[in-house]
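Just below is one structure, and these are the notes that go with it.
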Amino acid sequence: MAALALLAFGVLAVARVATAQSAADVHFLTNMPPAGSVSTGFVFPTYPTKAFPAGKMADVVLGIRNEGSETYNISMIAGSLNSPVDFNVHLQNFTQLGYGQVIKPGEELSLEYKFLPDPRLEPRDFIVALTAFYVDSQGKWYSSTFFNETINIVEVKKIVDWELLFLILLFAIGISGIAYGVYAYTVSVGWVKSQKKRTRSRRPAGEAPPVMSAEDQQDWIKGTPYDNFAKNKAKAASKRASTAAH
Ligand SMILES: *[C@@H]1O[C@H](CO)[C@@H](O)[C@H](O)[C@H]1NC(C)=O
Ligand SMILES: *[C@@H]1O[C@H](CO)[C@@H](O)[C@H](O)[C@H]1NC(C)=O
Ligand SMILES: *[C@@H]1O[C@H](CO)[C@@H](O)[C@H](O)[C@H]1NC(C)=O
């Protein structure tokens with residue numbers, strides 16, 4: 001019951017947020033008030049070539065000059081990132097920033113606006129539109145879109161590409177695993193002799209050769225002509241011993 005109530009409340013809250021958001025969006029980005037008597041300019045101090053890394057904060061400086069006879073109060077700057085094919089497709093709406101700065105007739109002002117291209121954006125062309133919203137002394141609203149151009153979203157350049165390093169490491173582990181598997185297989189089918197015996201003969205210079213245990217000796221001579229010779233000799237010796245005992 002409590003869970004159901006909580007769920008209902010959650011749905012209500014989501015619905016309310018959605019309507020509040022769409023009301024604001026309709027007002028600010030799709031139903032813009034007319035332009036006032038201003039001239040505008042812009043500078044992108046950090047990304048002057050308009051190549052913006054996805055997921056990195058970008059900044060723009062708006063220069064705005066009051067060319068009319070009304071005093072304007074610059075209320076806020078907002079913007080969006082739109083499809084390069086259809087401007088009506090708003091892919092991302094940037095955060096609105098409030099200013100509340102006044103420009104009298106004939107005066108000008110510089111305002112900094114920051115926006116964050118979504119880190120999930122594909123590196124390619126988009127349209128970015130940035131708009132200043134302002135109000136005159138009678139409370140009449142105006143807007144001036146001071147930037148509306150094709151921009152380029154680029155991939156963030158990493159100093160150390162950990163993903164790539166990890167892939168290389170995985171690849172190396174995979175390759176050595178395969179190599180060991182092939183080696184183990186060839187040893188098991190007898191194409192290659194195991195390295196174990198051979199490493200035994202490797203010793204630092206000046207050191208006396210290791211003394212072979214009887215067991216080692218057996219291993220070394222196994223299957224060689226000497227082995228047969230030794231076996232025959234042993235057989236003969238035991239025969240001799242048994243005949244001597246009789
Ligand atoms: C951005 O705002 C517009 C309305 O101005 C709306 O249609 C669109 O869905 C919004 N886009 C996003 C990604 O929120
Ligand atoms: C300008 O607008 C802001 C709100 O956006 C307000 O706080 C401020 O008092 C206004 N300034 C003047 C001189 O009206
Ligand atoms: C930006 O320019 C496009 C045409 O390229 C236009 O359709 C759109 O309405 C403009 N957007 C704004 C906010 O002025």
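Tabulate in residue order the Karplus-calculated ³J(HN,Hα) for the stretch 132-139, using 6.51 cos²θ - 1.76 cosθ + 1.60 with θ = phi - 60°, rounded to whole Hz; enter x for Gly and Pro.
9, 10, 8, 10, 8, 5, 8, x
Using the number of other C-beta atoms within 10 angstrom as an exposure proxy, rank Met57, Met32 with the fewest first. Display every interim value, and only then the final one.
Numbers: Met57 11, Met32 17.
Lowest to highest Cβ neighbour count: Met57, Met32.
Out of the stretch 85-140, which GluC sites (Glu not before Pro) are coil in DSSP terms and have no more than 13 other C-beta atoms within 10 Å?
Answer in residue order: Glu107.
When only DSSP loop residues count, what chymotrypsin sites (Phe, Trp or Tyr not before Pro) in the stretch 70-123 have their Cβ near at most 13 other Cβ atoms within 10 Å?
Filter output for the stretch 70-123: Phe87.
Got a sec to turn the phi values of the stretch 182-190 into Karplus ³J(HN,Hα) couplings, 6.51 cos²θ - 1.76 cosθ + 1.60 with θ = phi - 60°, whole Hz, x for Gly and Pro?
5, 4, 4, 5, 5, 5, 5, 8, x
Points 7 angstrom from Cα along the Cβ direction at Arg120 and Glu107: gap in nanometres?
Once both label points are built, they end up 4.4 nm from each other.
At most 12 other Cβ atoms within 10 Å and a DSSP loop assignment: could you name the trypsin sites (Lys or Arg not before Pro) in the stretch 57-124 that fit?
In loop regions of the stretch 57-124 (DSSP not H, G, I, E or B), the sparsely surrounded trypsin sites (Lys or Arg not before Pro) are Arg120, Arg124.
Non-local amide H neighbours of Phe94 (under 5 Å, H modeled in plane, Pro and chain starts lacking H): which ones?
So Phe94 has HN proximity to Gly79, Ser80, Leu81.
Please arrange Tyr142, Tyr180, Tyr134 by how many other C-beta atoms lie within 10 Å of their C-beta, fewest to most.
Going from sparsest to densest Cβ surroundings: Tyr180, Tyr142, Tyr134.
Once you list every other residue whose beta carbon is under 14 Å from the beta carbon of Gly68, what net charge do they have if Lys and Arg are +1 and Asp and Glu are -1?
Taking every other residue near Gly68 into account, the sum is -2.
What does the extension gain come out to for Ser83 and Leu170, with contour length at 0.36 nm per residue minus their alpha carbon separation?
Length gained, Ser83 through Leu170: 27.5 nm.
Exposure proxy check: Asp86, Asp118 ranked by fewest other beta carbons within 10 Å?
Listing Asp86, Asp118 from fewest to most nearby Cβ atoms yields Asp86, Asp118.
Taking H as built 1.01 Å from N, whose amide H comes closer than 5 Å to the amide H of Ile151, not counting residues under 5 places away?
Those lying under 5 Å, H to H, from Ile151 are Phe126, Ile127, Val128.
Report the Cα centroid-to-centroid distance between the stretch 116-165 and the stretch 62-105 in angstrom, as an integer.
First find each Cα centre; the distance between them is then 13 Å.
Under the definition of Cα pairs under 8 Å and six or more residues apart, what whole-number percent is the relative contact order of the stretch 31-159? Before the final figure, lay out each step's value.
Working: 320 pairs, mean separation 43.0, N = 129.
Computed value for the stretch 31-159: 33 percent relative contact order.
Any read-out appearing in this document is the output of simple, stated calculations on the displayed coordinates, not a laboratory observation. The shown structure was predicted, so the numbers you read here are calculated from the model rather than taken from an experiment. FYI the Cβ positions are ideal-geometry reconstructions off the backbone, even for glycines, and counts take in every protein chain you see.
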